[in-house]
1. Just to be sure, is residue 317 in contact with a strand residue (DSSP E or B) (Cβ under 6 Å, 6 or more places away or on another chain) and modelled with pLDDT under 85?
2. Quick check on my filter: what residues within the stretch 2-25 are surrounded by 16 or more Cβ atoms within 10 Å (Cβ to Cβ) and assigned to a loop (DSSP other than H, G, I, E, B)?
3. Do we find that residue 225 is touching a helix residue (DSSP H, G or I) at 6+ places or on another chain (Cβ under 7 Å) and surrounded by fewer than 16 Cβ atoms within 10 Å (Cβ to Cβ) in this structure?
4. Of all residues in the stretch 378-399, how many are modelled with pLDDT under 85 and either crowded, with 18+ Cβ neighbours inside 10 Å or at negative phi (or both)?
5. So which of 482, 476 ends up being farther than 30 Å from residue 305 by Cα, surrounded by fewer than 15 Cβ atoms within 10 Å (Cβ to Cβ) and modelled with pLDDT under 85?
6. Please determine, by comparing only the residues of the stretch 628-640 that are touching a helix residue (DSSP H, G or I) at 6+ places or on another chain (Cβ under 6 Å) and closer than 15 Å to residue 604 by Cβ, which one is surrounded by the most Cβ atoms within 10 Å (Cβ to Cβ).
7. On the basis of being assigned to a loop (DSSP other than H, G, I, E, B), crowded, with 19+ Cβ neighbours inside 10 Å and assigned by TED's automatic domain parsing to the domain that holds residue 10, does residue 149 make the cut?
8. Please work out which residue is farthest from residue 223 (Cα to Cα), limiting yourself to the stretch 194-207 and to residues that are in contact with a helix residue (DSSP H, G or I) (Cβ under 7 Å, 6 or more places away or on another chain) and surrounded by fewer than 23 Cβ atoms within 10 Å (Cβ to Cβ).
């Protein structure tokens, strides 16, 4: 029995089986598009009936599930976990499973430079697509899953494009791109491929002409990536990077410590735990002892043992501990669960995570855990998954379990410490060198971090200028840190004390650079100096500090920074992100939410709520953002109406993106009421557009209509043309919901004119899709001017 979801749902029903009702088909499609992930009952209800549930909806779901179970052959696994349902179909019997297998085979060929074989597999994968996944089915979960699958298709097509370029099949690529552009003249991605293929064929002038023609059609500059491509063509650099399909499974391990030394016995202990099939190992010890370095060294050596992925989470046990629910949501997103499929209930999300991990070979790295209560909900259970937990506390409740091993990590022994110092300082081993290092080894107490800092001091011992010699008699770790800090120049010290109190798991690199500009003439050199001296660690686009150093620096900043200086740094951070607006990168999310939560009772910090809306609009953790906004709105009760409205609006945007229009309506009314108490009120109609869109999503179209009409009028009056288009799309949906397709079409055609003339056609495809839903293409083209 085969199933196809890469287009309208298709399946081979057994002979004599009764036909499925539309509800049965929607449920089957929902379970198939989940690709073996559990689907919570609340998601099923929302997908099948939206905001209007029939009587005894849960009983009806169970009846539908039983009907599907009888339809499917006996080897199908339609199971239940808590309130979630899961359908396991062999990947070879689904079109998406077959496509993923072909892409994986193509990846293997690409690794060995076998582009022709890779193209054959990629062609087979792309040939399985018949349109939009589950075309004709709607709902937040289905739409999110379809978007995820379309992204997979785009990655597959891009991998094929790169392989075809390398094979010199330029004419075929040029023909394919031109055909796409004929049907979709504003398709910038098709123009990008055409330009790259023309340039690869030595037709640079034709590539430039393709760019200029697109620019004329858009009546404005194309997207930045096309402008960058044009610049590369003009400068003679390669016009297309080496592409390839994404490696299966998330690979989130941080880079191993480059100078990792020793720890042979501890590594063997971890090996033994894995051999005896323990489900987890808790590595405990004080800050600076090398727990994370040990775990990463072992994990990288064993990475191939976990082909289904390696997940990493910083639990931030010593500063703003991460909530288990947020960590689980992150894991499930990284494993490919659409946001709409992830339950908000902690017990349910933990159960779904365990169900998915069962039978898979995953590695979990839970770094810097606070206590057993934080860790227990994150453990995936027994089977092929293995978990490394690092913590200062040995966690006796975990140690009591027979399937969990513990490893209390001590300081490095003298031989390992000497080897680390010799390696870091580039000194050849000798009896004299060992004797000279003995006092320093004793001074550092076997702590790898202290030894690394001490090695830097040893490599540059001259107390000249900003460098001072160690004070006699100081033989503790505090002396090592004091000495290292004093060796920093004044600008470096000032910058570090500014970064030290910032909340969040690391400071994004561009923010650190912006703050460094306030501390000296060469901001990048200041940051590099702090990295070189081990006060900062740089990786994954962030600057972080080891917990031992961070504790020292935070205490020092508390003594040496005034309240006014800390407030100034906070306001500079907020201004930095406020300037970026919707352009904020996804990698800054953890820092931004930490800053928002730490500062939301300050009036200026409400501007961060507007920045966080951009994440929700992109579908990035909307449920988490909605909860965050609700807490902020409650905490900001004493602030002014504008500040409170910003917090409420975050809930509106996030709840709507999460498929919870009822909450969006509730907070939308609060937002509008607060703004109406201000001189400018809802000047460009954004709050009304959000409220009206949520009302329409709930099916309350008659109530939404005047709200959205007012939103469109306000956006026009204020010259907010993007707002005109956005509100018009919701207004058209409201008209359509009331059965007035003529009014809906008129609104969309007017929005298309605004989008073309004022917004550079950024939403042309979306408007066309809405028009296609109203009437056939031929009728629309006949009526077009």
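The values are calculated or read from the model by the stated rules, or taken from the named source; none is laboratory data. Just so it is clear, the structure is predicted and the values come from calculations on it, not from any experiment. All Cβ positions, glycine included, derive from the backbone under ideal geometry; neighbour counts span all protein chains shown.
1. It is true that residue 317 is in contact with a strand residue (DSSP E or B) (Cβ under 6 Å, 6 or more places away or on another chain) and modelled with pLDDT under 85.
2. 5, 6, 7, 8, 9, 20
3. Details: touching a helix residue (DSSP H, G or I) at 6+ places or on another chain (Cβ under 7 Å): yes; surrounded by fewer than 16 Cβ atoms within 10 Å (Cβ to Cβ): yes.
Answer is yes for this residue.
4. Number satisfying all stated conditions: 3.
5. 476
6. Only one residue tops the list, namely 632.
7. Criteria not met by residue 149.
8. So the residue we want is 201.
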